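Remarks on the structure that follows.
The values are calculated or read from the model by the stated rules, or taken from the named source; none is laboratory data. Bear in mind the structure is a predicted one, so any value in this text is a computation, not a measurement. Glycine gets a Cβ as well: all are built from the backbone with ideal geometry, and neighbour counts include every protein chain shown. We work out accessible area using only protein heavy atoms, side chains counted, and drop any ligands, DNA or RNA first. Shrake-Rupley method; radii C 1.70, N 1.55, O 1.52, S 1.80 Å.
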Amino acid sequence: QVQPVESGGGSVQAGGSLRLSCAASGSTDRINVIAWHRQAPGKQRELVASISSTDSTNYADSVKGRFTISRDNAKNTVYLQMNSLKPDDTAVYYCAARIVFRPYWGQGTQVIVSS
């Protein structure tokens with residue numbers, strides 16, 4: 001079992017930056033992929049970015065060139081650097097750590113981008 005905990009959310013003006021952190025505890029050596037998802041009010045949860053145990057990364061088209069996912073294995077932490085933020089990026093951001101096909105979700109962190 002894995003317990004991801006998100007931090008780093010907040011309020012920022014359009015064009016600003018935030019860095020989210022996802023610190024994982026538990027059976028971290030069994031994690032295959034850690035992904036950031038987000039859910040805006042009235043919308044479905046969507047994948048934002050992911051990073052595998054081999055450091056392969058994947059991004060949603062809407063964030064390519066603006067967001068960067070990275071990891072610090074010594075700290076069991078994955079980061080999401082978000083630059084050039086837009087009001088459409090406003091959402092609750094969730095971290096999911098996947099072991100084989102099962103995801104373990106964090107509680108989420110709120111990001112608000114004002115115009």
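Pop a pseudo-label 7 angstrom from the Cα along the beta-carbon direction at both residue 43 and residue 102 and give the gap in nm to one decimal.
3.1 nm
Taking only protein heavy atoms into account and a 1.4 Å probe, give the accessible area per residue of the chain in Å².
Working: 6210 Å² over 115 residues.
Averaged over the residues of the chain, the accessible area is 54 Å².
What lysines could a cross-link reach from residue 43, if we take a straight Cα to Cα line under 24 Å and drop same-chain neighbours fewer than 8 places away?
64, 86
Which order do the peptides 35-43, 67-75 take when ranked by the mean count of other beta-carbon atoms within 10 Å per residue, highest first?
Numbers: 35-43: 15.8, 67-75: 14.2.
Going by the mean number of other Cβ atoms within 10 Å, highest first, we get 35-43, 67-75.
Would you mind estimating how fast the chain diffuses translationally, via Stokes-Einstein at 37 °C and 0.692 mPa s with the Kirkwood radius over Cα pairs, in µm²/s? Before the final figure, lay out each step's value.
Working: Rh = 13.9 Å.
For these conditions, the coefficient is 235 µm²/s.
Would you mind telling me the share, in percent, of accessible area of the chain contributed by carbon and sulfur at probe 1.4 angstrom? Walk me through the numbers on the way to the answer.
Numbers: 2800 of 6210 Å².
Reported share for carbon and sulfur atoms: 45 percent.
For the stretch 51-97, evaluate the Debye formula with one uniform point scatterer on each Cα (no solvent term) and list log10 I(q)/I(0) at q = 0.14, 0.17, 0.25 Å⁻¹, rounded to two decimals.
For the requested q values the scattering log ratios are -0.38, -0.56, -1.09.
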